[in-house]
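Structure first, commentary second.
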Amino acid sequence: MSKRNDYMKINGNFARLIRIEILFMPILIFVPILVGIFLINDWYIRDLLHQELDLIGELFFGIILIIGNIAFDIPFVKTMFHYRKK
């Protein structure tokens, strides 16, 4: 391996590190999306249906979670699979 990838070695076993990241990938992607959907759903039920109108921060936090997950985690997973194919 080249010098730039030396920091990713675990006792010289790079395949083990990739396997661990692939196992945690569902948690990395789906938990923030599910939490974001839960927060948006909770905002919808409490604010729009019950007219409480004080939980606007919950909507913004849910949107930030979903957009942040799509913007940062999905490209990370794509590069991980791209690197694994080489």
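The values are calculated or read from the model by the stated rules, or taken from the named source; none is laboratory data. Since this is a predicted model, take the numbers as computed values, not measurements. Here the Cβ positions follow ideal geometry from the backbone for every residue, glycine too, while neighbour counts run over all protein chains shown.
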Report task. For residues that are modelled with pLDDT under 85, farther than 29 Å from Arg19 by Cβ and of a type in the set (D, E, K, R), tally how many sit in the range 47-86. Result -> 3
Report task. Give the number of residues within the range 56-69 that are more than 17 Å from the chain's Cα centre (by Cα) and surrounded by 14 or more Cβ atoms within 10 Å (Cβ to Cβ). Result -> 2
Requested in this report: List every residue pair whose Cβ atoms sit under 7 Å apart, with the two residues 6 or more apart in sequence or on different chains, where the first one lies in the range 17-34 and is within 13 Å of Phe76 (Cβ to Cβ) and of a type outside the set (A, V, I, L, M, F, W, C) and the second, anywhere, is at pLDDT 80 or above and in a helix (DSSP H, G or I).
Outcome: Pro32/Leu65; Pro32/Asn69
